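Data block below; observations after.
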Amino acid sequence: MTEQDLNDGRYDVVVVGGGAAGLSAALVLGRARHRTLVVDAGEPRNAPSAHMQGYLSRDGMPPAEFLALGREEIARYGVELVRDRVTDVARGEDFTLTLERGGGVRARRIVVATGLKDEMPDVPGVAERFGRDVLHCPFCHGWEVRDEPFGVLASSPAGVHQALMVSRWSKDVTFFLHRVAEEELSDLDLRRLAAAGVDVVPGEVAGLVVEDDRLTGVRTADGTVHSRSVVFVAPRPVPQTGLLERLGAEMDETPFGTYPVVDPNGLTSVPGVWAAGNAIGFTEQVVHAASGGYRAATAIVGDLRMADLDAALGA
Ligand SMILES: Cc1cc2nc3c(=O)[nH]c(=O)nc-3n(C[C@H](O)[C@H](O)[C@H](O)COP(=O)(O)OP(=O)(O)OC[C@H]3O[C@@H](n4cnc5c(N)ncnc54)[C@H](O)[C@@H]3O)c2cc1C
């Protein structure tokens, strides 16, 4: 697509982000015969992972293959997709979106499906192995590593919850307190950890031990190496919601990031702007993201239909 094409005319809908949420919205919009453009920077959150789990009928499919199939499906309905990044958005009679590579596009409605970024704990080796043997989500990876020796790296006292959860998948769990003081854990935390058979190791974690490209242990600052083949961490979720903030959408601060306030279909407080997927919450898995994109799209189809009919009545 050339810049000329991009500037030529306006779209009914521009979907920002071509992950599960954005592609799902685009599929429904294309099938509803709306002129739709997806602008996608091409950095889906689960890219570090070789397999996507828990999506009925697609369990185990590589994430890249899932998205490639989605792109094929939207193309059947004439939806356009461009690999670019939306850097700014302004609201007038239409929305005007600025693209990183230059130029802009106009749209009557927009869907923000920009996902979130995972900010890794500052421990050497963790970021490099994320999605392989450094994991964050037992629902995504737990089955594949069941019964292996797990470590859980605390980022805060809330790490107790993760340690207790992952103990469903392995009876051999060590909870590394890292920079959390033991006194920060409640008596109930400690009793639950004991009931789950989780070992608690105080002291800072200095790094991971990797042999032949496999995690073999966790080294604490006192030099002890604890033999572990999997480590669960709690990355800090950083929602990619800058565009919504620029549009003045009402936002809600949570312990897991700041997300837009949305109705059940993903409509934000800004008329004409919907959001879906990890852009509205950090617990949105792929199946939720796809579902959210679908819901936003059906709401947009209804909204545009009524707007067009009302305009015709007015004329
Ligand atoms: C390691 C790992 C493994 C996971 N495994 C699973 C699993 O097994 N099962 C499961 O259900 N979930 C899994 N998840 C969660 C899954 O990644 C998310 O549920 C899913 O990616 C959310 O989809 P999304 O469309 O909201 O966002 P994304 O998939 O992150 O897509 C957002 C897209 O928007 C693009 N974008 C962002 N900003 C802009 C912009 N300004 N302009 C244009 N494009 C932009 C991004 O580049 C990206 O392509 C995993 C997550 C991680 C980190």
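The values are calculated or read from the model by the stated rules, or taken from the named source; none is laboratory data. These numbers were taken from a predicted model, which means no experiment stands behind them. Here the Cβ is made from the backbone with ideal geometry for all residues, glycine too, and neighbour counts use every protein chain on show.
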Open item on the list: Please pick out the residue among V105, V82, V86 that is in contact with a Phe, Trp or Tyr (Cβ under 9 Å, 6 or more places away or on another chain), in contact (Cβ under 8 Å) with a residue 60 or more places away in the chain and not acidic (D, E).
Closed with: V105
- [ ] Confirm whether V286 is touching a Phe, Trp or Tyr at 6+ places or on another chain (Cβ under 9 Å), more than 13 Å from the ligand (Cβ to nearest atom) and not small (G, A, S).
- [x] no
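Would you mind stating whether R168 is assigned by TED's automatic domain parsing to the domain that holds T224 and more than 23 Å from the chain's Cα centre (by Cα)?
Working: assigned by TED's automatic domain parsing to the domain that holds T224: yes; more than 23 Å from the chain's Cα centre (by Cα): yes.
In short, yes.
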Open item on the list: Being free of Cβ contacts under 8 Å to residues at least 40 places away in the same chain, out of contact with any Cys (no Cβ under 7 Å at 6 or more places or on another chain) and of a type in the set (G, A, S): is that true of S156 here?
Closed with: no
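Kindly evaluate T2 against the criterion of being away from the ligand (no atom under 14 Å from the Cβ) and at pLDDT below 95.
Numbers: away from the ligand (no atom under 14 Å from the Cβ): yes; at pLDDT below 95: yes.
Yes; evaluated as a whole, the condition is true for this residue.
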Open item on the list: Of everything in the stretch 5-50, what is crowded, with 24+ Cβ neighbours inside 10 Å, among the acidic types (D, E) and more than 6 Å from the ligand (Cβ to nearest atom)? Give them in sequence order.
Closed with: none
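Here's the yes/no breakdown for (1) more than 13 Å from the ligand (Cβ to nearest atom); (2) under 16 Å from P237 (Cβ atoms); (3) without any contact (Cβ under 8 Å) to a residue 40 or more places away in the chain; (4) in a helix (DSSP H, G or I):
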| position | (1), (2), (3), (4) |
| --- | --- |
| W274 | no, no, no, no |
| S291 | no, no, no, yes |
| D303 | yes, no, no, yes |
| L309 | yes, no, yes, yes |
TODO: Find the strands (runs of 3 or more DSSP E) located wholly in the stretch 144-230 whose residues include 3 or more that are not hydroxyl-bearing (S, T, Y), and list them.
DONE: 150-153, 173-176, 199-201, 205-211, 214-220
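Quick one: is T241 among the polar types (S, T, N, Q) and not assigned by TED's automatic domain parsing to the domain that holds E128?
Working: among the polar types (S, T, N, Q): yes; not assigned by TED's automatic domain parsing to the domain that holds E128: yes.
In short, yes.
Determine, yes or no, whether D263 is in a strand (DSSP E or B), away from the ligand (no atom under 16 Å from the Cβ) and at pLDDT 95 or above.
Working: in a strand (DSSP E or B): no; away from the ligand (no atom under 16 Å from the Cβ): yes; at pLDDT 95 or above: yes.
No, not satisfied.
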TODO: Can you tell me which residue among V173, V210 is assigned by TED's automatic domain parsing to the domain that holds F139 and surrounded by 15 or more Cβ atoms within 10 Å (Cβ to Cβ)?
DONE: V173
Task: Which numbered condition R109 misses (of (1) crowded, with 22+ Cβ neighbours inside 10 Å; (2) among the charged types (D, E, K, R); (3) more than 22 Å from G19 (Cα to Cα)) - done: (3)
Task: Filtered residue count, the stretch 51-62, keeping only those that are surrounded by 13 or more Cβ atoms within 10 Å (Cβ to Cβ) and either free of Cβ contacts under 8 Å to residues at least 12 places away in the same chain or more than 7 Å from the ligand (Cβ to nearest atom) (or both) - done: 3
